[in-house]
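Asker: This structure is in structure tokens; I'll ask about it shortly.
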Amino acid sequence: MFKLTVYKKVNLSRNLRLFIFIICLLAVGGKIVFAHEKIDDYREAMKLFESGELIAAEKQFQLARKNPFVTDHNQEMDQILSILTPIKEEMEEIDEQGQDYFEENQLAELVQTYERWQENAIKWLAGTAIQQDMYGEMLVKTKLEKDFHDYFSKSKTSLAASLKDPADEESVYQDFMLIPADYYGGDSAKVNEVEALFIQYYSLKMQPLFSNENTSSIVEEGSRQLKMLSTFSMDTEWLKNSLDSNLLRVLTKAMNKEDYAAFAEQATSVKKLPSLMAESKVIAFIETSQNNLLTKAKNLRDKNKFEEALSIYQGLMPLEDTSMQIADAEWEWDKFEPIRVLKRQYPGKEFPQTINGRNIFGAESVVAAISNEGILYIGKLKGQEPMAISETKLVNAPVIEKLVFQNDLSENPVILIEAKSQQRAHRYLAFEIRNNFIENILDIEANNLAIEAPGQLLLDNPVGKGEAEFAYYERGIDGVYRFSKIKVDYIDISVKEILNYQGMKVRFNGYVQRLNTNQVVLLSEKYNYDTNQYERSYLVVRGATVPGTDTFRSLIGTFTTYETMFDEYGQSIEVPVFTVEKVE
């Protein structure tokens, strides 16, 4: 075990006291030094403070206040620092946060920082002169006014560039509204600037739609824009006027082209516009045009122009339920052209020959038609009843030239057909409808047919009985027309009486002979003993060559005029001219 001697103990104690003395001496010396430094710092800070250099003074006060070895002037410095330091630290924090929020694109936080600055600025500017001066110095140092002006200017530019998608419109608008009015030039300027930006944006969106003339797209986008402008409390008049003029132009173009289907489709879209457009010109144009088209369609029906009327009704269907008008027009068309009903009854058949009748044979509308197969169809419409149809096969498949309804051949409906003939100019067929059955009551070839009286036909040169004559055919008990007699349309006279019947059709018997170049009939003859010559009068025959010379013939014709000829003595004489129609 180590043991200290008395000497060693005394020596160690003395050394320890010496060391402690030195330490105390050094501490006292250090304190004196630090005290002098603090006093110097304080004096420098006060000098700066009193000269108005408050930021530098605050820094110097902080340095002096950190000296722990003396407490001189601490209370005074704390009082000054309690004024200067909060302003300095707040402004520095606002400056730092403002930059961070701008760089991080946090506009809401940036605005909050701006508002925090403004609240403090109001407080400091309303405070003491020291607070006002300190705020002024910090404003210069931090350059907050310039920085925030740059932040918000760039934010506005960025927001304007981001205004592309409808989904972003509301958030962009809200962000614009966040930016303080001071950076627009005031509340009114702020509203005007943001409104102008959105109007330009919306206008550019509408331009290609107006060019494409797609009303559905125009109305959809226009309605959306009207809603958004109203939500933003912005002017809508420019858009209403633009929509009105452009939509009116598109609808007017469709009406001018008479493209009623396009007009109705476009008008249907336009009528989906919000109530803001209720008083627009385009809405009034739609209502006026719609009424005019319905009136036009009715007028067309009255003029039996059903296809045009139906095109209007069918075109208007998207805009108005015109199903009743369509049904009425179709029925009226069926009555006017009943062949339509017949074609629906026999789809696939063709009817090259057709005739229509109105209010005949006890029906409102009647059709007679011959199909390509040579079948005669007769259809009758009465009221709303289905068409009553009768049919019969035509014999020998005649080539039809003409069909007519005939009332004078029977008390029943009759169809008179004029067809081609191999032996005469025409072939005539007549069909009578008896209790919905069709009966053939005439089939004759002749040059012409005329109805002299009900039930009596006059045929010119029919095949068979009456050939080469005008022959009467009359209706028998069975209803069929048969030969009855030859028509006599001349007067039987003596040839010597011909001068009494000028202009009248006559028949006479006489000798036809040749005199010079003429065919003549001798009218009178006597001998002149003074001249020893015969004095004869003649009738010149024209229009038919009478075979033979000095031939007794029966001639039918008309004496019409006189002409000059030379007799057998070479003397000119005036003679009547007889135009021959027939030689018997």
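The values are calculated or read from the model by the stated rules, or taken from the named source; none is laboratory data. Bear in mind that the values here come from a model prediction, so they are computed numbers and not experimental data. Note: ideal-geometry Cβ built from the backbone for every residue, glycine included; neighbour counts use all protein chains shown. Surface areas here come from the heavy atoms of the whole protein model, side chains and all, with no ligands, DNA or RNA. Shrake-Rupley method; radii C 1.70, N 1.55, O 1.52, S 1.80 Å.
Asker: Would you check if Tyr501 is surrounded by 12 or more Cβ atoms within 10 Å (Cβ to Cβ), among the aromatic types (Phe, Trp, Tyr) and within 23 Å of Glu469 (Cα to Cα)?
Answerer: Numbers: surrounded by 12 or more Cβ atoms within 10 Å (Cβ to Cβ): yes; among the aromatic types (Phe, Trp, Tyr): yes; within 23 Å of Glu469 (Cα to Cα): yes.
Spelling it out, Tyr501 is indeed surrounded by 12 or more Cβ atoms within 10 Å (Cβ to Cβ), among the aromatic types (Phe, Trp, Tyr) and within 23 Å of Glu469 (Cα to Cα).
Asker: Let me ask something additional. Would you check if Gly510 is among the small types (Gly, Ala, Ser), open to solvent by 50 Å² or more (accessible area, probe 1.4 Å) and modelled with pLDDT under 90? Steps first, please.
Answerer: Working: among the small types (Gly, Ala, Ser): yes; open to solvent by 50 Å² or more (accessible area, probe 1.4 Å): no; modelled with pLDDT under 90: yes.
In short, no.
Asker: Please name all residue pairs, on different chains or six or more residues apart, with Cβ atoms under 9 Å, provided the first residue is in the range 365-384 and is without any contact (Cβ under 8 Å) to a residue 60 or more places away in the chain and within 17 Å of Glu330 (Cβ to Cβ) and the second residue is basic (Lys, Arg) and assigned to a strand (DSSP E or B).
Answerer: Correct list of pairs: Ser365/Arg358; Ser365/Lys380; Val367/Lys380.
Asker: Could you say whether any residue in the range 341-364 is part of a helix (DSSP H, G or I) and aromatic (Phe, Trp, Tyr)? Let's see the steps before the verdict.
Answerer: Within the range 341-364, the subset part of a helix (DSSP H, G or I) is 341-345.
Still in the running and aromatic (Phe, Trp, Tyr): none.
Within the range 341-364, not a single residue is part of a helix (DSSP H, G or I) and aromatic (Phe, Trp, Tyr).
Asker: Out of Ala167, Ala129, I need the residue that is at pLDDT below 95, aliphatic (A, V, I, L, M) and open to solvent by 70 Å² or more (accessible area, probe 1.4 Å). Which one?
Answerer: Values: Ala129 fails: open to solvent by 70 Å² or more (accessible area, probe 1.4 Å).
Sole residue among the options that is at pLDDT below 95, aliphatic (A, V, I, L, M) and open to solvent by 70 Å² or more (accessible area, probe 1.4 Å): Ala167.
Asker: Need the failing condition index for Gly466 against (1) at pLDDT 85 or above; (2) touching a Gly at 6+ places or on another chain (Cβ under 9 Å), just the number.
Answerer: Every condition holds for Gly466 apart from (2).
Asker: In the range 562-579, what residues are touching a residue at least 40 places away in the same chain (Cβ under 8 Å) and assigned to a strand (DSSP E or B)? Full working, then the answer.
Answerer: Here is the first cut: in the range 562-579, the residues touching a residue at least 40 places away in the same chain (Cβ under 8 Å) are 565-568, 575-576, 578.
Met565, Phe566, Val575, Pro576, Phe578 - these are the residues of the range 562-579 that are touching a residue at least 40 places away in the same chain (Cβ under 8 Å) and assigned to a strand (DSSP E or B).
Asker: Still on this structure, please answer the following. Quick one: is Leu300 part of a helix (DSSP H, G or I) and either within 24 Å of Ala369 (Cβ to Cβ) or among the aromatic types (Phe, Trp, Tyr) (or both)?
Answerer: So Leu300 fails the test.
Asker: Another question, then. Just the residues that are under 16 Å from Asn241 (Cα atoms), open to solvent by 30 Å² or more (accessible area, probe 1.4 Å) and touching a helix residue (DSSP H, G or I) at 6+ places or on another chain (Cβ under 8 Å), please, taken from the range 256-302.
Answerer: Lys271, Pro274, Leu276, Lys281, Phe285
Asker: Oh, and also: Only one of these is acidic (Asp, Glu), assigned to a loop (DSSP other than H, G, I, E, B) and surrounded by fewer than 18 Cβ atoms within 10 Å (Cβ to Cβ): Glu411, Glu452. Name it.
Answerer: Values: Glu452 fails: assigned to a loop (DSSP other than H, G, I, E, B).
Going through Glu411, Glu452 in turn, the sole match is Glu411.
Asker: Which one is most open to solvent (accessible area, probe 1.4 Å) among residues in the range 519-544 that are hydrophobic (A, V, I, L, M, F, W, C) and either closer than 16 Å to Glu574 by Cα or assigned to a strand (DSSP E or B) (or both)?
Answerer: Narrowing the range 519-544 to residues hydrophobic (A, V, I, L, M, F, W, C): 520-523, 539-541, 544.
Subset that is either closer than 16 Å to Glu574 by Cα or assigned to a strand (DSSP E or B) (or both): 520-523, 539-541.
Working: Val520: 0, Val521: 2, Leu522: 58, Leu523: 21, Leu539: 0, Val540: 0, Val541: 5 Å².
So the residue we want is Leu522.
Asker: Considering only residues of the range 466-498 that are in a strand (DSSP E or B) and touching a residue at least 60 places away in the same chain (Cβ under 8 Å), which is least open to solvent (accessible area, probe 1.4 Å)? Explain how you work it out, then say what you get.
Answerer: Within the range 466-498, the first condition is being in a strand (DSSP E or B), and the residues that meet it are 470-475, 481-486, 491-492.
Still in the running and touching a residue at least 60 places away in the same chain (Cβ under 8 Å): 475, 481.
Numbers: Arg475: 70, Tyr481: 12 Å².
Step by step, filter the range 466-498, then rank; the result is Tyr481.
Asker: Now for a different question. Which of (1) of a type outside the set (A, V, I, L, M); (2) modelled with pLDDT under 90; (3) farther than 24 Å from Gly543 by Cα is the odd one out, the single condition Glu432 does not satisfy?
Answerer: That leaves (2) as the condition not met.
A quick yes/no check of all residues on (1) part of a strand (DSSP E or B); (2) over 16 Å from Ile417 (Cβ atoms); (3) among the β-branched types (Val, Ile, Thr); (4) open to solvent by less than 40 Å² (accessible area, probe 1.4 Å):
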position	(1), (2), (3), (4)
Glu373	no, no, no, no
Tyr377	yes, no, no, yes
Glu391	yes, no, no, no
Ala397	no, no, no, no
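Asker: Also, I was wondering about something else. When only residues in the range 172-195 that are open to solvent by 60 Å² or more (accessible area, probe 1.4 Å) and small (Gly, Ala, Ser) count, which is nearest to Asp235 (Cα to Cα)?
Answerer: Checked the range 172-195; the qualifying residue nearest to Asp235 (Cα to Cα) is Ser188.
Asker: Further, regarding this structure: Could you list, in sequence order, the residues of the range 137-149 that are more than 18 Å from Gln112 (Cβ to Cβ) and surrounded by 12 or more Cβ atoms within 10 Å (Cβ to Cβ)? Even if it seems obvious, please write down each step before you answer.
Answerer: First pass over the range 137-149, keeping only residues more than 18 Å from Gln112 (Cβ to Cβ): 137-141, 143, 146.
Hits for the range 137-149 are Glu137, Met138, Leu139, Lys141, Lys143.
Asker: For the range 76-86, check the following and say yes or no: at least one residue is modelled with pLDDT of 85 or more, β-branched (Val, Ile, Thr), out of contact with any Ser or Thr (no Cβ under 9 Å at 6 or more places or on another chain) and in a helix (DSSP H, G or I).
Answerer: Taking the range 76-86 first, the residues modelled with pLDDT of 85 or more are 76, 78-86.
Filter once more, keeping what is β-branched (Val, Ile, Thr): 80, 83, 85.
Imposing the further condition that a residue be out of contact with any Ser or Thr (no Cβ under 9 Å at 6 or more places or on another chain) reduces the set to 80, 85.
Okay, now just the ones that are also in a helix (DSSP H, G or I), so 80, 85.
Within the range 76-86 (the criterion being modelled with pLDDT of 85 or more, β-branched (Val, Ile, Thr), out of contact with any Ser or Thr (no Cβ under 9 Å at 6 or more places or on another chain) and in a helix (DSSP H, G or I)), the answer is yes, since at least one residue qualifies.
Asker: OK, next. Within the range 414-437, which residues are touching a residue at least 40 places away in the same chain (Cβ under 8 Å), within 51 Å of the chain's Cα centre (by Cα) and open to solvent by 20 Å² or more (accessible area, probe 1.4 Å)?
Answerer: Asn436, Phe437
Asker: Among (1) assigned to a strand (DSSP E or B); (2) out of contact with any Lys or Arg (no Cβ under 9 Å at 6 or more places or on another chain); (3) of a type in the set (Asp, Glu), where does Glu401 come up short?
Answerer: (2)
Asker: Considering (1) open to solvent by 80 Å² or more (accessible area, probe 1.4 Å); (2) in contact (Cβ under 8 Å) with a residue 40 or more places away in the chain; (3) within 60 Å of the chain's Cα centre (by Cα), say which one Glu104 fails and leave the rest.
Answerer: (2)
Asker: Working only within the range 304-321, note down all residues that are over 17 Å from the mean Cα position of the chain (by Cα) and buried (at least 19 other Cβ atoms within 10 Å of the Cβ).
Answerer: Phe306
Asker: Here's another thing I want to ask about it. For the range 557-572, enumerate the residues that are surrounded by 13 or more Cβ atoms within 10 Å (Cβ to Cβ) and more than 15 Å from Ile498 (Cβ to Cβ).
Answerer: Met565, Phe566, Asp567
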